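These notes concern the structure reproduced below.
The values are calculated or read from the model by the stated rules, or taken from the named source; none is laboratory data. This is a predicted model, so every value here is computed, not measured. Using ideal geometry, Cβ is built from the backbone for each residue, glycine included, and neighbour counts are taken over all protein chains shown. All accessible areas refer to the heavy atoms of the entire protein, side chains included, with ligands and DNA or RNA removed. Shrake-Rupley method; radii C 1.70, N 1.55, O 1.52, S 1.80 Å.
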Amino acid sequence: MEPKRKRILWQVPFLILLIVGTVLIIRQQHSIPYQHCSGMIFGTTYNITYQYQDDLHQELKAKMQEVDSALSMFNQQSVISRVNTGDGIIPQTKTGRMFLEVFQQAIEISRETNGAFDITVAPLVNAWGFGFKNGQMPTPQQVDSIRRFIGYEKVNIEEKVSRSKQQATENLAIIRKKDPRIMLDCSAIAKGYGVDAVAQVLTDKGVKNFLVEIGGEIVTRGISEKRLPWKIGVTKPTDDSLQVNSELQTVLNITDKAMATSGNYRNFYYKGGRKYAHTINPKTGYPVQHNILSATVLCNQCARADAFATAFMVMGLDGTKEILQRNPDLMAYLIYDDKGKPKVWYSQSLKDKLAQ
């Protein structure tokens, strides 16, 4: 028998085994169920879908509660609440490390956006929010007074070596504020970070196919139950403060990506016939007045997408384009008002993700 023919005959059994093995793997993957869980966290809803044999809801919920214990301003025992009330020492715990990770990322994005994203803006947001609700805007004097203790550059981390009774040493992180009235608020990045944290739990479990959504911020991997890429809609912006209109502007394929959206079209107030957005410009102290209605950002980390979506609402179209040029990992889908008509601008790298 010819040597070439012998080699072919020897290869046939291996090819058959490879094909059978592939079929068995695919069949096994199809037999693994998709699990669904939902609930409330961070003052909003969450929805998680994942393909796994076991129910992981309690484990995923525990991870979200850890993030809440690190970053929630509504939890008086959280790390950020203790920082805001004067105790700047960050504990050497999971929640302490979470807070530091988010704080450092927030400061980096604040620098990159020249303060358009700023985790110290909460007092201004509160002043305008309460003012709208009470029917009385903050005065220029009040805005100027509050701006004195607004600014990410007025907060930093100091590392200090501490010696215990057993003479063991540990590095303590301490948040130093230049003004005790400075208040940190991670609400514009915490949901995204929570999504990343849940996604990491699933990844560590070996889950290949999942979608994690918290308050509209999303991370996806693999494929959906329909054996198709995950598709997420971007809502068409309308003056719909009651949120009864859910017409879609477009649908995006976001498999293996994170996505976050920030928008003013459902959060606004009218005063004296003038429309005010809920997004506050930390630099001016006043609501933004440019024409962006919503900013959707895609990248590899949901916390990053979350923060930049907020920054883009402050920066406007031209400022957003400059940031995108310097950060090629970011993709944006912007809906803006052009003389009363909604227009769309998006990154060219996003073109192949447009489903319709």
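Residue ranking by accessible heavy-atom surface, 1.4 Å probe, largest first, among M73, M137 comes out as M73, M137.
Between Q142 and T203, the modelled labels are 4.4 nm apart [label points 7 Å from Cα along Cα→Cβ]. For the range 54-67, 3J(HN,Hα) computed residue by residue from phi via the Karplus equation (6.51, -1.76, 1.60; θ = phi - 60°) reads 10, 7, 9, 4, 5, 5, 5, 5, 4, 5, 5, 5, 4, 4 Hz, glycine and proline entered as x. The distance between label points at L354 and I89 comes to 5.6 nm (points 7 Å beyond Cα on the Cα→Cβ vector).
Residues E217, E112, E225, E159, sorted by accessible area with the largest first, give E159, E225, E112, E217 [1.4 Å probe; ligands and nucleic acids excluded]. If r is the Cβ-Cβ distance from D337 to E153 and R0 is 41 Å, what FRET efficiency results, to the nearest 0.05? E(calc), rounded to 0.05, equals 0.80.
Note on V344 and N114: the extension gain reaches 80.3 nm, defined as 0.36 nm multiplied by sequence separation minus the Cα-Cα distance.
Loop-located chymotrypsin sites (Phe, Trp or Tyr not before Pro) in the range 40-80 (DSSP state other than H, G, I, E, B) with a sparse environment of at most 10 neighbouring Cβ atoms within 10 Å: F74. These residues, H290, H36, H57, go from largest to smallest accessible area, 1.4 Å probe, as H36, H290, H57.
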